[in-house]
Amino acid sequence: MSRTIVVLGATGEMGARVCRLIRRLAPTALLVGANRSGTGHAEFPIRKVDVADREGLAELLENADLVINAVGPYDYDPSPIIHAAISTHCHYADLAERLDFIEQVAALAEARAAAKAGVVLVPGCSTVPGLVAALAQRWKSDPGVAKLAVFLSMGSRNPVSRGLFAGMMDPIGRTGPGGRWFSRLVSHQTDDGRRLVFGSYPIAFSGSRLPVGSRSVPVRFHMGFDRGWINRGLVWAGRVRGRLGTRGAKWLAALLFPLAGLARPLGTERGVLSIVAEDGEGRERGRIEVVAASHGLDIPALPAAWLAQALVRDGWLAAPGLRGLHRVVSPEAAVAALVDAGYEVVFRPS
């Protein structure tokens, strides 16, 4: 049975990757892109729509089976999209990494009775929080795992759009539960012996607790780049950003964006996602690492493509209602899909 997949923001940095991956993983799907201009791609149709246009979205999704919202940086009201998806009985996923956006989607799913309408909503279908939660289920039967530490190192040679950069910069210098985000650097040794530096960064799990089986455990998140001098620059930027209001922070991101382009030739494409399980005393009980020698930015786009693949292949995603990616994709399936995509996955038990 043919399935229609709509990708909002299909010509953006992440949306284009989602579309390319869907074409590879679910080649029989009818792929329809959408953006505010209605132009930009020769290989599949692009429709004109705005994420704030509820009527336009409902018309677009009338005969769709799944809509993937790739319009970052997810600092807007998701209600027009969610209303349109539920009213047209179209499943929904996004790549949001912001807790406030994910919580808005969750509230709308309940308010609009998504489960009763037979609609599955999977927000946060990205590296964080979705993939991290899915992989962390490897420890669901280990009661000795008391907390998790997540480290994400990104290759600075990877291309980045203005919107992606602004979204990444937004939390830096803001005040979080443990102080200002990215106010200082910590080091972490990856499985291959490399020592990288990272700054603290918010993670999109309510109460900074990650579901592991029937439990939830505390999780701390650190983000950084492959070049230490970039991370030290972000510490400086965080100090400046902390003195600015919202408008000033956007100005700072716009000012720094050209520097990101200048830094690309000096960096690498190598990215690492390291998830470390710890006991109550902070001793390591095991770790999972995903290593991308290249094409690291495809990883946050992959989980949404997996949903499209599952819908085309099986005709079913999960029980209707709000679902985290870990309720749809098992850790074993996620690892197999990552390896199939050419990434190295290391699992080291305690």
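The values are calculated or read from the model by the stated rules, or taken from the named source; none is laboratory data. Note that the structure is predicted; figures quoted are calculated from it, not measured. Cβ sites come from the backbone with ideal geometry, for glycine too, and all protein chains shown count toward neighbours.
With the condition being closer than 20 Å to Ala253 by Cα and not hydrophobic (A, V, I, L, M, F, W, C), I'd like the strands (runs of 3 or more DSSP E) fully within the range 157-228 carrying at least 1 qualifying residues. Step through it out loud before you land on a result.
Details: elements: 185-189, 195-200, 209-212, 215-225.
Here the list reads 195-200, 215-225.
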The range 247-262, residues that are more than 23 Å from the chain's Cα centre (by Cα) and farther than 9 Å from Met169 by Cβ:
Arg247, Gly248, Trp251, Leu255, Pro258, Leu259, Leu262
Pairs where the first residue, in the range 319-338, is farther than 21 Å from Glu103 by Cβ and among the basic types (Lys, Arg) and the second is surrounded by fewer than 18 Cβ atoms within 10 Å (Cβ to Cβ) and modelled with pLDDT under 95, C-beta under 7 Å, 6+ apart
none
Can you find, within the range 10-28, the residue that is surrounded by the most Cβ atoms within 10 Å (Cβ to Cβ) among those that are more than 13 Å from Glu43 (Cα to Cα) and among the hydrophobic types (A, V, I, L, M, F, W, C)?
Val18
When Ala70 is run through (1) more than 22 Å from the chain's Cα centre (by Cα); (2) small (Gly, Ala, Ser); (3) buried (at least 24 other Cβ atoms within 10 Å of the Cβ), the failure sits at (1)
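Give the residue, chosen from His326, His295, that is on the phi > 0 side of the Ramachandran plot and within 19 Å of the chain's Cα centre (by Cα). Steps first, answer last, please.
Working: His326 fails: on the phi > 0 side of the Ramachandran plot.
After ruling out the rest, the residue left standing is His295.
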Evaluate the range 238-246: report whether one residue or more is in contact with a strand residue (DSSP E or B) (Cβ under 8 Å, 6 or more places away or on another chain) and closer than 20 Å to Val128 by Cβ.
yes
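What number of residues within the range 199-227 satisfy the criterion of being hydroxyl-bearing (Ser, Thr, Tyr) and closer than 13 Å to Ala133 by Cα?
Taking the range 199-227 first, the residues hydroxyl-bearing (Ser, Thr, Tyr) are 200-201, 206, 208, 214, 216.
Those still in the list that are closer than 13 Å to Ala133 by Cα too: 206, 208, 214, 216.
Counting residues in the range 199-227 that are hydroxyl-bearing (Ser, Thr, Tyr) and closer than 13 Å to Ala133 by Cα gives 4.
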Any chance Arg112 is among the basic types (Lys, Arg) and over 28 Å from Val329 (Cα atoms)
no
Scan of the range 99-130 for residues that are outside any helix (DSSP H, G or I), surrounded by fewer than 19 Cβ atoms within 10 Å (Cβ to Cβ) and aliphatic (A, V, I, L, M), ordered by number:
Ala113, Ala115, Ala117
Scan the range 79-90 residue by residue and report those that are without any contact (Cβ under 8 Å) to a residue 40 or more places away in the chain and crowded, with 18+ Cβ neighbours inside 10 Å.
Pro80, Ile82, Ala84, Ala85, Ile86, Thr88
Residue under question is Leu322, and the condition is that it be out of contact with any Phe, Trp or Tyr (no Cβ under 6 Å at 6 or more places or on another chain) and surrounded by fewer than 16 Cβ atoms within 10 Å (Cβ to Cβ); does it hold?
no
Hey, among the residues in the range 238-253 that are in contact (Cβ under 8 Å) with a residue 24 or more places away in the chain, assigned to a helix (DSSP H, G or I) and out of contact with any Phe, Trp or Tyr (no Cβ under 8 Å at 6 or more places or on another chain), which one's nearest to Phe182 (Cα to Cα)?
Arg239
Tell me which of these Arg285 doesn't satisfy, since it passes every other one: (1) over 23 Å from Met154 (Cα atoms); (2) not assigned by TED's automatic domain parsing to the domain that holds Ser216; (3) not small (Gly, Ala, Ser).
(2)
Those residues of the range 272-331 which are within 28 Å of Ser187 (Cα to Cα), β-branched (Val, Ile, Thr) and not in a strand (DSSP E or B), in sequence order
Ile299
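Tell me the residue from Ile86, Ile68, Ile102 that is over 28 Å from Ser208 (Cβ atoms) and either aromatic (Phe, Trp, Tyr) or assigned by TED's automatic domain parsing to the domain that holds Leu317 (or both), please. Walk me through how you get there before you give the answer.
Working: Ile68 fails: over 28 Å from Ser208 (Cβ atoms); Ile102 fails: over 28 Å from Ser208 (Cβ atoms).
Residue meeting the stated conditions: Ile86.
Out of Pro73, Pro45, I need the residue that is farther than 22 Å from Leu297 by Cβ and modelled with pLDDT under 95. Which one? Break it down into steps so the answer makes sense when it comes.
Numbers: Pro73 fails: farther than 22 Å from Leu297 by Cβ.
After ruling out the rest, the residue left standing is Pro45.
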Pairs returned, first residue in the range 285-306 that is within 14 Å of Leu135 (Cα to Cα), second residue that is among the hydroxyl-bearing types (Ser, Thr, Tyr) and surrounded by 21 or more Cβ atoms within 10 Å (Cβ to Cβ), beta-carbon separation under 6 angstrom, 6 or more apart or interchain, are Glu289/Ser274; Val290/Tyr343; Ile299/Thr127; Pro300/Ser126; Pro300/Thr127
Against the condition within 19 Å of Val346 (Cα to Cα) and at pLDDT 95 or above, how does Lys140 come out, does it pass?
yes
